Amino acid sequence: MSKENIKVKCDVCNLVIEIDKWGNGECKNCGWRQSEESFQHPNVAGIRNIPCLNNAIKQYNNGKPATLANFDDFVNVYKNYGEVEFTLNHSRYGVLFDDSKNKIALLNIQSGEKQFYNNIEDFSKNAKLNGFLLSDVWKDVTSTDFLQDT
């Protein structure tokens, strides 16, 4: 531990972790990226993590990854930050704004196939994968994050 780091309990799983002088750290147990801001705003998604703190705690307590967002948190993070991703059935998907179409794109990162939506509300109500509404199959999503390299 560096002189400047201190030990605290993870906000999600309560494992002892190190944080820096700004309150930032990462839990090796649950993957939560600790931050003072997410602690102060536990219902705001997208602060260093896709899910909000309160939903991350619920996820973790239900045996799911703390970093896995529910559908509402995922959509809210897109609204605030754009460019998010998720994994469903071993396939990675990105949700991002497509400048050439002036629409939101649901991108299958492996195949490059895109579906387009007029806005985030259209996406959240109508996005489908394999004939199923994304909101209905969200329970099978295994990871969520800010969009990484595609």
Looking at (1) exposed (fewer than 14 other Cβ atoms within 10 Å of the Cβ); (2) in contact with a Leu (Cβ under 7 Å, 6 or more places away or on another chain), which one does G82 not meet, given that it meets all the others? (1)
Scan N89, N61 and give me the residue that is more than 16 Å from K139 (Cβ to Cβ) and out of contact with any Cys (no Cβ under 8 Å at 6 or more places or on another chain). N61
Does any residue in region 131-142 that is touching a residue at least 12 places away in the same chain (Cβ under 8 Å) and surrounded by fewer than 16 Cβ atoms within 10 Å (Cβ to Cβ) come within less than 6 Å, Cβ to Cβ, of a residue that is among the hydroxyl-bearing types (S, T, Y) and not in a helix (DSSP H, G or I) six or more places away or on a different chain, and which pairs are these? T142/T87
Candidate set: region 26-58, residues that are within 21 Å of V141 (Cα to Cα) and among the small types (G, A, S); chosen: the one surrounded by the most Cβ atoms within 10 Å (Cβ to Cβ): A56
Picking from N89, N24, N49, which residue would you name as being within 30 Å of N118 (Cβ to Cβ), polar (S, T, N, Q) and not assigned by TED's automatic domain parsing to the domain that holds W138? N49
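The values are calculated or read from the model by the stated rules, or taken from the named source; none is laboratory data. No experiment lies behind these values; they were computed from the predicted model shown. Positions of Cβ are backbone-derived with ideal geometry, glycine not excepted, and every protein chain shown enters the neighbour counts.
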